[in-house]
Amino acid sequence: MTETALTVHQTARPHGFPTAGHFAFVESPLPAPAPGTALVENLYWSVDPYHREMMDGDFALNAPLEGRTIGRVVASRDPALTEGEIVFHRQGWRTHAVVTPGEVRRLPRFEGVPLSAHLGILGGTGLTAYVGLTRIAELREGQDLFVSAAAGGVGTATGRLARLMGSGRLVGSAGSAAKAAYLTEHVGYDAAFDHRSGPAAGLLAEAAPEGIDVYVDNVGGEQLDAAISALRERGRIVRVGTVAQYNATGTPYALRNLPDIVEKSLRMEGFLVSDYPHLQEELYEFVVPHLQSGRVGPDETVVEGFDRIVDAFLGMLRGENRGKMIVRAPGERRTDPGSRTDPRTRLRHASR
């Protein structure tokens, strides 16, 4: 095991789109666990859109960044943590972390399911989609959905779960024609469009001419405006994020049709997935059999090497991922008994 550790620090607040210059890799001696703690060597790291929002003030400058991470216990001074155990924790953006038993969650191993799925469709990403569909939208069989940023982690998970739940017409938006094709050819969307190819209202009307019952909103702005107009009476809007505004420096988009929310008895609700940890086992029960059968694939873009985590984050913000963007320690795939390579779902590219 190496004698040094690397952490990533945020060094400045971005104005607009962040750059590699807003981050620094900091080397330090390998931390030693104190009594009641254990040392974890991290194996998989998640980079997520919410990190960009937190860069504006939630993350402390010149301190290690947080994030969802999977690691292996390599040294323990607490009997509750056994060396060799695989755990999930939130001390990401570093190669090693010292954790207490209360800061980790032991991950179940499901035959044929890669560890990385616990950061994607079985992790916070999939749980976000599951909560949004089952608790917020209360999706019923046969209802029609529109999902924005549908080729991202939450968007692909939403599409796959909605299909399993018996949804009706499933429409998604993405940032390129290639991504739109991926959604219809591999994820199960009935129609998808490149939101850059024209006004969102017209594109959505063409893809869902009879309207929609549910909108899962990952971007806000013009697409939210279009969805409000397309929603039928008593439709629901699930607010997951506003990625269209995270890097904006101008005036936020002003919705023009808010009266429709009243006139059509629409409901719009946001939520934090951190309020729903009690649904984790329910998610496993629902999704794992379909992962094992191959009916559902873990849509992932995997970047090799912790030294590329900033590249992966910036690439995710630029929309270079299909599915969940994940960083993997070199050689980890060979030691993960559940890992498999599928050219449709495990795309091995980083930033361009």
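Here are some notes:
- Verdict on LEU272 being surrounded by fewer than 17 Cβ atoms within 10 Å (Cβ to Cβ), touching a Leu at 6+ places or on another chain (Cβ under 7 Å) and closer than 30 Å to PRO14 by Cβ: no
- Filtering segment 1-13 to residues that are touching an Asp or Glu at 6+ places or on another chain (Cβ under 9 Å), buried (at least 16 other Cβ atoms within 10 Å of the Cβ) and either over 30 Å from LEU39 (Cα atoms) or of a type in the set (S, T, N, Q) (or both) leaves only THR7.
- Test: residue in segment 109-120 that is under 20 Å from the mean Cα position of the chain (by Cα) and either of a type in the set (Ser, Thr, Tyr) or more than 30 Å from ALA75 (Cα to Cα) (or both): yes
- Note on segment 225-256: residues that are at pLDDT 95 or above and over 16 Å from GLY152 (Cβ atoms) amount to 13.
- Options GLY188, GLY198; residue that is in contact with a Lys or Arg (Cβ under 6 Å, 6 or more places away or on another chain), at pLDDT 95 or above and surrounded by fewer than 22 Cβ atoms within 10 Å (Cβ to Cβ): GLY188
- Given (1) over 24 Å from the mean Cα position of the chain (by Cα); (2) over 29 Å from VAL287 (Cα atoms); (3) of a type outside the set (Ser, Thr, Tyr), number of the condition PRO101 does not satisfy: (2)
- Of all residues making up segment 261-275, the number that are part of a helix (DSSP H, G or I) and closer than 16 Å to GLY220 by Cβ: 1
- Complete set of residues in segment 209-239 that are among the hydrophobic types (A, V, I, L, M, F, W, C) and surrounded by fewer than 21 Cβ atoms within 10 Å (Cβ to Cβ): none
- Residue match in segment 37-47 (condition: among the β-branched types (Val, Ile, Thr), surrounded by fewer than 20 Cβ atoms within 10 Å (Cβ to Cβ) and in contact (Cβ under 8 Å) with a residue 24 or more places away in the chain): no
The values are calculated or read from the model by the stated rules, or taken from the named source; none is laboratory data. Just so it is clear, the structure is predicted and the values come from calculations on it, not from any experiment. All Cβ positions, even for glycine, are placed from backbone atoms using ideal geometry, and neighbour counts span all protein chains on display.
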